[in-house]
Amino acid sequence: MKILLIGGAGFIGSHTALRLLREGHEPVVLDSLDPQIHGTDLGTSATFGLLSGRVPVICGDTRDRGAVERVVRDVEAIYYFPAGTGTGQSMYQIERYTDINARGAAVFGEILGEHKAHIRKVIVSSTRAIYGEGAATCPEHGRVYPDSRKLTDLEAGVFETKCPICGASVEAAASLESDPARPSSIYGITKLAQEQIVSNVCQSHGIPAVVFRYQNVYGPGQSLNNAYTGILSIFTQLLLAGREINLFEDSLPSRDFVFIDDLVEYNFRALSLASEGLEVFNLGSGVRSTLVDLVEALAAALGVELKYFISGQFRVGDIRHAAADLTRLTAGLGAHEFLSLRDGVKQFTDWVGRPGEQVTEANRRFDHSLNEMAAAGLLRSSRK
Ligand SMILES: NC(=O)c1ccc[n+]([C@@H]2O[C@H](COP(=O)([O-])OP(=O)(O)OC[C@H]3O[C@@H](n4cnc5c(N)ncnc54)[C@H](O)[C@@H]3O)[C@@H](O)[C@H]2O)c1
(Lines give C-alpha, C1' and ligand atoms only; values in the text may rest on other atoms or scores of the structure.)
Protein backbone atom coordinates (compact mmCIF):
# COMPACT_ATOMS: atom_id res chain seq x y z
CA MET A 1 0.00 0.00 0.00
CA LYS A 2 1.02 3.58 -0.48
CA ILE A 3 0.85 4.94 3.05
CA LEU A 4 1.00 8.56 4.22
CA LEU A 5 2.49 9.37 7.61
CA ILE A 6 1.64 12.92 8.68
CA GLY A 7 4.14 14.02 11.36
CA GLY A 8 6.06 10.95 10.25
CA ALA A 9 9.56 12.46 10.52
CA GLY A 10 9.35 12.43 14.33
CA PHE A 11 10.31 9.70 16.76
CA ILE A 12 7.37 7.32 16.45
CA GLY A 13 6.55 8.19 12.84
CA SER A 14 10.05 7.57 11.48
CA HIS A 15 10.30 4.14 13.12
CA THR A 16 6.83 3.26 11.87
CA ALA A 17 7.72 4.41 8.34
CA LEU A 18 10.84 2.23 8.27
CA ARG A 19 8.87 -0.76 9.50
CA LEU A 20 6.28 -0.23 6.74
CA LEU A 21 9.09 0.00 4.20
CA ARG A 22 10.60 -3.27 5.45
CA GLU A 23 7.20 -4.92 5.12
CA GLY A 24 7.03 -3.97 1.43
CA HIS A 25 4.77 -0.93 1.67
CA GLU A 26 5.44 2.47 0.14
CA PRO A 27 5.54 5.06 2.95
CA VAL A 28 5.60 8.81 2.31
CA VAL A 29 5.97 11.45 5.03
CA LEU A 30 4.45 14.92 5.36
CA ASP A 31 6.04 16.81 8.26
CA SER A 32 6.57 20.45 9.25
CA LEU A 33 10.06 19.51 10.54
CA ASP A 34 9.50 21.62 13.65
CA PRO A 35 12.88 23.01 14.86
CA GLN A 36 11.98 22.36 18.52
CA ILE A 37 12.13 18.64 17.68
CA HIS A 38 14.56 18.44 14.78
CA GLY A 39 16.88 21.34 15.66
CA THR A 40 17.57 24.24 13.33
CA ASP A 41 20.06 22.15 11.35
CA LEU A 42 18.22 19.14 9.92
CA GLY A 43 21.58 17.37 9.66
CA THR A 44 21.43 16.93 13.44
CA SER A 45 17.94 15.37 13.46
CA ALA A 46 18.35 11.65 14.14
CA THR A 47 14.94 10.71 12.84
CA PHE A 48 15.17 12.84 9.69
CA GLY A 49 18.54 11.15 9.10
CA LEU A 50 16.94 7.71 9.51
CA LEU A 51 14.50 8.45 6.71
CA SER A 52 16.97 10.15 4.36
CA GLY A 53 17.32 8.32 1.06
CA ARG A 54 14.76 5.69 2.07
CA VAL A 55 11.41 7.38 2.61
CA PRO A 56 10.30 10.56 0.80
CA VAL A 57 9.82 13.41 3.27
CA ILE A 58 7.71 16.34 2.13
CA CYS A 59 8.00 19.45 4.25
CA GLY A 60 4.49 20.71 5.01
CA ASP A 61 2.14 21.52 7.84
CA THR A 62 -1.01 19.59 8.69
CA ARG A 63 -2.76 22.97 9.03
CA ASP A 64 -1.96 23.79 5.41
CA ARG A 65 -4.89 22.51 3.35
CA GLY A 66 -2.99 22.62 0.05
CA ALA A 67 -0.03 20.67 1.44
CA VAL A 68 -2.26 17.95 2.89
CA GLU A 69 -4.47 17.70 -0.21
CA ARG A 70 -1.48 17.17 -2.47
CA VAL A 71 -0.27 14.13 -0.50
CA VAL A 72 -3.61 12.57 0.46
CA ARG A 73 -4.78 12.18 -3.14
CA ASP A 74 -3.27 8.79 -3.99
CA VAL A 75 -2.70 7.04 -0.66
CA GLU A 76 -4.60 4.06 0.76
CA ALA A 77 -3.83 4.43 4.47
CA ILE A 78 -2.80 7.28 6.77
CA TYR A 79 -0.98 7.43 10.10
CA TYR A 80 -1.65 10.70 11.92
CA PHE A 81 1.17 11.78 14.30
CA PRO A 82 1.56 15.60 14.20
CA ALA A 83 1.35 17.28 17.57
CA GLY A 84 2.84 19.71 20.00
CA THR A 85 3.87 17.20 22.67
CA GLY A 86 5.21 19.04 25.74
CA THR A 87 2.78 18.77 28.64
CA GLY A 88 4.47 21.55 30.64
CA GLN A 89 4.89 23.85 27.65
CA SER A 90 1.26 23.37 26.65
CA MET A 91 0.19 25.02 29.92
CA TYR A 92 1.42 28.44 28.78
CA GLN A 93 1.58 28.08 24.96
CA ILE A 94 -2.12 27.36 24.91
CA GLU A 95 -2.93 28.92 21.57
CA ARG A 96 -0.03 27.15 19.82
CA TYR A 97 -0.96 23.71 21.19
CA THR A 98 -4.63 24.18 20.38
CA ASP A 99 -3.75 25.30 16.89
CA ILE A 100 -1.44 22.38 16.05
CA ASN A 101 -3.34 19.63 17.83
CA ALA A 102 -6.98 20.61 17.44
CA ARG A 103 -7.15 22.93 14.41
CA GLY A 104 -4.61 20.73 12.61
CA ALA A 105 -6.96 17.78 13.07
CA ALA A 106 -9.85 19.91 11.82
CA VAL A 107 -8.07 20.81 8.56
CA PHE A 108 -7.01 17.20 8.11
CA GLY A 109 -10.54 15.97 8.94
CA GLU A 110 -12.16 18.07 6.23
CA ILE A 111 -9.74 16.74 3.62
CA LEU A 112 -10.12 13.18 4.86
CA GLY A 113 -13.87 13.36 4.38
CA GLU A 114 -13.40 14.48 0.79
CA HIS A 115 -11.03 11.56 0.07
CA LYS A 116 -12.90 8.78 1.83
CA ALA A 117 -13.31 6.72 -1.34
CA HIS A 118 -9.69 5.54 -1.48
CA ILE A 119 -8.67 5.56 2.22
CA ARG A 120 -8.80 2.04 3.68
CA LYS A 121 -7.47 2.82 7.16
CA VAL A 122 -6.60 5.78 9.39
CA ILE A 123 -4.41 5.22 12.48
CA VAL A 124 -4.32 8.04 15.03
CA SER A 125 -1.69 8.65 17.74
CA SER A 126 -3.54 9.70 20.85
CA THR A 127 -2.26 9.65 24.40
CA ARG A 128 -2.98 8.41 27.90
CA ALA A 129 -2.99 12.11 28.88
CA ILE A 130 -6.66 12.18 27.90
CA TYR A 131 -7.43 10.20 31.10
CA GLY A 132 -5.88 12.86 33.34
CA GLU A 133 -5.21 11.31 36.74
CA GLY A 134 -6.91 8.14 35.50
CA ALA A 135 -8.44 5.40 37.59
CA ALA A 136 -7.78 4.32 41.16
CA THR A 137 -9.13 1.86 43.68
CA CYS A 138 -10.70 3.16 46.89
CA PRO A 139 -10.97 0.62 49.76
CA GLU A 140 -14.60 1.67 50.24
CA HIS A 141 -15.81 2.82 46.81
CA GLY A 142 -13.98 0.51 44.44
CA ARG A 143 -12.94 1.88 41.03
CA VAL A 144 -13.00 5.68 41.14
CA TYR A 145 -11.68 8.56 39.03
CA PRO A 146 -9.79 11.07 41.20
CA ASP A 147 -10.05 14.74 40.34
CA SER A 148 -7.04 16.70 39.12
CA ARG A 149 -4.81 17.41 42.08
CA LYS A 150 -5.44 20.73 43.81
CA LEU A 151 -2.70 23.37 43.96
CA THR A 152 -3.24 23.70 47.71
CA ASP A 153 -2.62 19.95 48.19
CA LEU A 154 0.47 19.96 46.00
CA GLU A 155 1.83 23.00 47.80
CA ALA A 156 1.30 21.19 51.10
CA GLY A 157 3.29 18.21 49.78
CA VAL A 158 0.21 16.00 49.37
CA PHE A 159 0.98 14.45 45.99
CA GLU A 160 -1.16 11.32 45.85
CA THR A 161 -4.68 11.52 44.43
CA LYS A 162 -7.69 10.89 46.64
CA CYS A 163 -11.04 9.17 46.39
CA PRO A 164 -13.43 11.78 44.91
CA ILE A 165 -16.25 10.41 47.09
CA CYS A 166 -14.73 10.04 50.57
CA GLY A 167 -11.28 11.66 50.25
CA ALA A 168 -9.51 8.47 51.37
CA SER A 169 -6.12 7.37 50.04
CA VAL A 170 -6.44 5.33 46.86
CA GLU A 171 -4.31 2.85 44.93
CA ALA A 172 -3.58 3.80 41.29
CA ALA A 173 -5.19 1.46 38.75
CA ALA A 174 -4.33 0.77 35.11
CA SER A 175 -6.41 2.74 32.60
CA LEU A 176 -9.16 1.04 30.61
CA GLU A 177 -10.27 2.43 27.26
CA SER A 178 -13.77 2.84 28.72
CA ASP A 179 -12.49 5.15 31.48
CA PRO A 180 -13.76 8.73 31.25
CA ALA A 181 -11.63 11.32 29.47
CA ARG A 182 -10.69 13.94 32.08
CA PRO A 183 -7.44 15.53 30.89
CA SER A 184 -5.60 17.73 33.39
CA SER A 185 -3.28 19.54 30.95
CA ILE A 186 -3.77 21.64 27.84
CA TYR A 187 -1.79 18.96 25.99
CA GLY A 188 -4.32 16.33 27.11
CA ILE A 189 -7.29 18.55 26.27
CA THR A 190 -6.03 19.35 22.77
CA LYS A 191 -5.02 15.73 22.08
CA LEU A 192 -8.50 14.63 23.13
CA ALA A 193 -9.96 17.14 20.67
CA GLN A 194 -7.60 15.78 17.99
CA GLU A 195 -8.60 12.17 18.72
CA GLN A 196 -12.29 13.00 18.72
CA ILE A 197 -12.21 15.10 15.54
CA VAL A 198 -10.40 12.45 13.49
CA SER A 199 -12.50 9.62 15.00
CA ASN A 200 -15.72 11.47 14.30
CA VAL A 201 -14.79 12.13 10.66
CA CYS A 202 -13.85 8.48 10.17
CA GLN A 203 -17.09 7.27 11.72
CA SER A 204 -19.18 9.76 9.77
CA HIS A 205 -17.67 8.65 6.46
CA GLY A 206 -17.31 4.95 7.21
CA ILE A 207 -13.50 5.01 7.14
CA PRO A 208 -12.01 2.19 9.28
CA ALA A 209 -9.89 3.76 12.01
CA VAL A 210 -7.66 2.79 14.92
CA VAL A 211 -6.88 5.13 17.81
CA PHE A 212 -3.88 4.32 19.98
CA ARG A 213 -3.56 5.98 23.37
CA TYR A 214 0.19 5.69 23.89
CA GLN A 215 1.87 5.74 27.28
CA ASN A 216 5.49 7.10 27.59
CA VAL A 217 7.35 5.94 24.51
CA TYR A 218 11.15 5.82 24.54
CA GLY A 219 14.08 4.40 22.63
CA PRO A 220 16.77 5.16 20.06
CA GLY A 221 15.82 8.07 17.84
CA GLN A 222 13.83 10.07 20.37
CA SER A 223 14.59 13.75 20.14
CA LEU A 224 17.61 14.90 22.13
CA ASN A 225 16.87 18.46 21.01
CA ASN A 226 13.45 18.85 22.59
CA ALA A 227 13.90 20.05 26.16
CA TYR A 228 10.14 20.21 26.74
CA THR A 229 9.35 16.51 26.68
CA GLY A 230 11.05 13.10 26.67
CA ILE A 231 12.04 12.34 30.25
CA LEU A 232 14.66 9.75 29.25
CA SER A 233 16.49 12.19 26.99
CA ILE A 234 16.43 14.90 29.64
CA PHE A 235 17.65 12.71 32.51
CA THR A 236 20.34 11.20 30.29
CA GLN A 237 21.72 14.62 29.38
CA LEU A 238 21.79 15.62 33.05
CA LEU A 239 23.57 12.40 34.04
CA LEU A 240 26.11 12.74 31.23
CA ALA A 241 26.86 16.27 32.41
CA GLY A 242 27.52 14.87 35.92
CA ARG A 243 24.66 16.87 37.39
CA GLU A 244 22.51 16.01 40.32
CA ILE A 245 19.02 15.18 39.14
CA ASN A 246 16.09 17.10 40.54
CA LEU A 247 13.30 14.56 41.04
CA PHE A 248 9.95 16.31 41.19
CA GLU A 249 7.33 15.84 43.89
CA ASP A 250 8.51 13.10 46.29
CA SER A 251 10.28 11.19 43.49
CA LEU A 252 7.45 8.69 43.33
CA PRO A 253 5.34 9.74 40.33
CA SER A 254 5.17 6.72 38.04
CA ARG A 255 4.79 6.10 34.32
CA ASP A 256 4.35 3.20 31.95
CA PHE A 257 7.43 3.22 29.69
CA VAL A 258 7.03 1.39 26.38
CA PHE A 259 9.94 0.69 24.07
CA ILE A 260 9.65 2.08 20.54
CA ASP A 261 9.95 -1.28 18.73
CA ASP A 262 7.12 -2.74 20.82
CA LEU A 263 4.91 0.21 19.98
CA VAL A 264 5.78 0.05 16.28
CA GLU A 265 4.83 -3.63 16.26
CA TYR A 266 1.27 -2.65 17.19
CA ASN A 267 1.23 0.35 14.87
CA PHE A 268 2.01 -2.12 12.11
CA ARG A 269 -0.52 -4.74 13.19
CA ALA A 270 -3.26 -2.08 13.22
CA LEU A 271 -2.94 -1.69 9.47
CA SER A 272 -4.38 -5.15 8.83
CA LEU A 273 -7.00 -5.10 11.60
CA ALA A 274 -10.15 -6.51 10.01
CA SER A 275 -12.58 -4.13 11.76
CA GLU A 276 -14.53 -1.74 9.51
CA GLY A 277 -15.36 0.62 12.38
CA LEU A 278 -13.47 2.65 14.98
CA GLU A 279 -11.24 0.75 17.40
CA VAL A 280 -9.54 2.36 20.42
CA PHE A 281 -6.58 0.75 22.19
CA ASN A 282 -4.33 1.68 25.08
CA LEU A 283 -0.72 1.05 24.18
CA GLY A 284 1.93 0.79 26.88
CA SER A 285 3.95 -1.99 28.43
CA GLY A 286 1.47 -2.41 31.28
CA VAL A 287 4.26 -1.93 33.85
CA ARG A 288 4.50 1.11 36.10
CA SER A 289 7.94 2.49 37.06
CA THR A 290 8.75 5.40 39.37
CA LEU A 291 11.13 8.28 38.58
CA VAL A 292 13.66 6.64 40.91
CA ASP A 293 13.39 3.32 39.02
CA LEU A 294 14.05 5.22 35.82
CA VAL A 295 17.10 7.22 36.94
CA GLU A 296 18.61 4.12 38.53
CA ALA A 297 18.23 2.18 35.27
CA LEU A 298 19.68 5.09 33.26
CA ALA A 299 22.70 5.62 35.52
CA ALA A 300 23.45 1.87 35.53
CA ALA A 301 23.23 1.68 31.73
CA LEU A 302 25.42 4.79 31.30
CA GLY A 303 27.92 3.57 33.91
CA VAL A 304 27.82 6.92 35.74
CA GLU A 305 27.35 7.79 39.37
CA LEU A 306 23.74 8.54 40.26
CA LYS A 307 23.22 11.74 42.20
CA TYR A 308 19.70 12.97 42.77
CA PHE A 309 17.73 15.10 45.18
CA ILE A 310 14.03 15.20 45.91
CA SER A 311 13.07 18.82 45.48
CA GLY A 312 9.35 18.77 46.22
CA GLN A 313 8.91 20.91 43.12
CA PHE A 314 6.00 20.09 40.86
CA ARG A 315 4.74 21.06 37.43
CA VAL A 316 1.14 22.18 37.25
CA GLY A 317 -0.70 19.90 34.81
CA ASP A 318 1.39 16.80 35.54
CA ILE A 319 -0.42 13.67 36.64
CA ARG A 320 0.71 11.34 39.41
CA HIS A 321 0.58 7.79 38.04
CA ALA A 322 0.03 6.15 34.67
CA ALA A 323 -0.19 2.62 33.35
CA ALA A 324 -2.18 0.95 30.61
CA ASP A 325 -4.49 -2.00 30.95
CA LEU A 326 -3.62 -4.10 27.89
CA THR A 327 -6.57 -6.51 27.90
CA ARG A 328 -8.27 -4.94 24.90
CA LEU A 329 -5.01 -4.45 23.00
CA THR A 330 -3.96 -8.08 23.26
CA ALA A 331 -7.49 -9.35 22.51
CA GLY A 332 -7.76 -7.19 19.39
CA LEU A 333 -4.20 -7.11 18.07
CA GLY A 334 -2.57 -10.13 19.65
CA ALA A 335 -0.10 -10.71 22.47
CA HIS A 336 3.47 -9.49 22.40
CA GLU A 337 6.48 -9.77 24.69
CA PHE A 338 7.45 -6.26 25.79
CA LEU A 339 11.05 -5.34 26.46
CA SER A 340 11.87 -4.68 30.14
CA LEU A 341 12.72 -1.10 31.14
CA ARG A 342 16.28 -2.14 31.99
CA ASP A 343 16.91 -3.71 28.54
CA GLY A 344 15.18 -0.89 26.68
CA VAL A 345 17.13 1.77 28.59
CA LYS A 346 20.37 -0.01 27.66
CA GLN A 347 19.48 0.17 23.96
CA PHE A 348 18.59 3.83 24.37
CA THR A 349 21.81 4.84 26.18
CA ASP A 350 23.96 2.83 23.72
CA TRP A 351 22.37 4.87 20.96
CA VAL A 352 22.88 8.20 22.76
CA GLY A 353 26.60 7.51 23.23
CA ARG A 354 28.68 10.40 24.56
CA PRO A 355 27.80 13.32 22.38
CA GLY A 356 30.23 15.84 23.97
CA GLU A 357 29.20 19.43 23.32
CA GLN A 358 25.59 18.50 22.66
CA VAL A 359 25.25 17.61 26.34
CA THR A 360 26.11 21.13 27.46
CA GLU A 361 23.70 22.59 24.92
CA ALA A 362 20.92 20.18 25.94
CA ASN A 363 21.44 21.08 29.61
CA ARG A 364 21.22 24.76 28.75
CA ARG A 365 17.95 24.22 26.87
CA PHE A 366 16.49 22.15 29.70
CA ASP A 367 17.32 24.83 32.31
CA HIS A 368 15.76 27.39 30.01
CA SER A 369 12.56 25.30 29.72
CA LEU A 370 12.28 25.12 33.52
CA ASN A 371 12.84 28.88 33.80
CA GLU A 372 10.02 29.39 31.30
CA MET A 373 7.65 27.27 33.37
CA ALA A 374 8.70 29.01 36.57
CA ALA A 375 8.19 32.45 34.98
CA ALA A 376 4.68 31.37 33.96
CA GLY A 377 4.02 30.34 37.59
CA LEU A 378 3.64 26.69 36.58
CA LEU A 379 6.75 25.21 38.19
CA ARG A 380 6.09 25.46 41.90
CA SER A 381 7.39 24.20 45.20
CA SER A 382 5.69 22.32 47.96
CA ARG A 383 6.29 23.67 51.45
CA LYS A 384 7.13 20.23 52.82
N1 LIG B 1 6.45 9.92 22.50
C2 LIG B 1 5.54 9.67 23.43
O3 LIG B 1 5.88 9.28 24.55
C4 LIG B 1 4.08 9.85 23.11
C5 LIG B 1 3.15 9.49 24.11
C6 LIG B 1 1.81 9.65 23.86
C7 LIG B 1 1.38 10.13 22.63
N8 LIG B 1 2.30 10.48 21.70
C9 LIG B 1 1.79 11.01 20.43
O10 LIG B 1 2.43 10.37 19.36
C11 LIG B 1 2.62 11.29 18.28
C12 LIG B 1 4.06 11.26 17.82
O13 LIG B 1 4.89 11.56 18.93
P14 LIG B 1 6.47 11.56 18.82
O15 LIG B 1 7.00 11.14 20.12
O16 LIG B 1 6.90 10.87 17.59
O17 LIG B 1 6.74 13.11 18.70
P18 LIG B 1 7.81 13.90 17.82
O19 LIG B 1 7.80 15.28 18.36
O20 LIG B 1 9.10 13.16 17.76
O21 LIG B 1 7.16 13.87 16.37
C22 LIG B 1 6.11 14.70 15.97
C23 LIG B 1 6.36 15.08 14.54
O24 LIG B 1 5.26 15.88 14.11
C25 LIG B 1 5.81 16.99 13.38
N26 LIG B 1 4.86 18.09 13.47
C27 LIG B 1 4.62 18.89 14.55
N28 LIG B 1 3.68 19.78 14.23
C29 LIG B 1 3.32 19.54 12.95
C30 LIG B 1 2.39 20.14 12.07
N31 LIG B 1 1.66 21.18 12.44
N32 LIG B 1 2.26 19.63 10.82
C33 LIG B 1 3.04 18.57 10.42
N34 LIG B 1 3.93 17.99 11.21
C35 LIG B 1 4.07 18.46 12.47
C36 LIG B 1 7.13 17.29 14.03
O37 LIG B 1 8.02 18.00 13.16
C38 LIG B 1 7.63 15.89 14.35
O39 LIG B 1 8.40 15.38 13.28
C40 LIG B 1 2.15 12.64 18.79
O41 LIG B 1 0.85 12.85 18.30
C42 LIG B 1 2.13 12.49 20.28
O43 LIG B 1 1.15 13.31 20.87
C44 LIG B 1 3.64 10.35 21.90
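The values are calculated or read from the model by the stated rules, or taken from the named source; none is laboratory data. Because the structure is predicted, anything quoted here is derived from the model rather than measured. Cβ placement follows ideal geometry from the backbone for every residue including glycine, while neighbour counts extend to all protein chains displayed. Side chains are part of the model used for accessible areas, which takes the heavy atoms of the whole protein and leaves out ligands, DNA and RNA. Shrake-Rupley method; radii C 1.70, N 1.55, O 1.52, S 1.80 Å.
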Gaussian network model of the chain, springs between alpha carbon atoms under 10 Å - residue of Phe309, Phe281, Phe248 with greatest fluctuation: Phe309
For Cα pairs less than 8 Å apart in space and 6+ apart in sequence, what is the mean separation divided by the residue count of the chain, i.e. the relative contact order in percent? 19 percent
When Lys and Arg each count +1 and Asp and Glu each count -1, what net charge do the other residues less than 15 Å away from Val55, Cβ to Cβ, add up to? +1
Along the Cα-to-C-beta direction of Arg120, a point sits 7 Å from the Cα; which residues of the range 270-300 have their amide N less than 14 Å from that point? 270-276
Express the relative contact order of the range 151-257 as a whole percentage, based on alpha carbon pairs under 8 Å and six or more residues apart in sequence. 19 percent
Cross-link partners among lysines for Lys116, C-alpha distance below 21 Å, same-chain residues fewer than 8 apart left out? Lys2
Per the Cα gyration tensor, the range 86-235 corresponds to an equivalent ellipsoid with semi-axes, largest first in Å, of 31, 20, 14
Mean Cα-pair separation over length for the range 16-92, i.e. relative contact order, pairs under 8 Å, 6 or more apart, %: 28 percent
Over 25 Å between C-alpha atoms is what I'm after, so list which of Lys121/Lys346; Lys162/Lys307; Lys150/Lys191 land there. Lys121/Lys346; Lys162/Lys307
Nothing charged except the Cβ atoms of Lys and Arg (+1) and of Asp and Glu (-1): what's the magnitude of the dipole of the chain about its Cα centre? Round to the nearest 20 debye. 200 debye
So how tilted is helix 357-375 from the main axis of the chain? Cα-based, degrees 0 to 90, rounded to 10. 70 degrees
Whole-Hz ³J(HN,Hα) for each residue in the range 36-50, computed from phi via Karplus 6.51 cos²θ - 1.76 cosθ + 1.60 with θ = phi - 60°, x for glycine and proline: what do you get? 5, 9, 9, x, 7, 10, 4, x, 9, 7, 4, 6, 4, x, 4
Mind telling me which of Thr330, Thr62, Thr349 comes out most flexible in a GNM of the chain, alpha-carbon contacts under 10 Å? Thr330
May I ask you to give the solvent-accessible area per residue for the chain, in square angstrom, as obtained with a 1.4 angstrom probe? 40 Å²
Quick one: helix 291-302 against the long Cα principal axis of the chain, what's the angle to the nearest 10°, folded into 0 to 90? 70 degrees
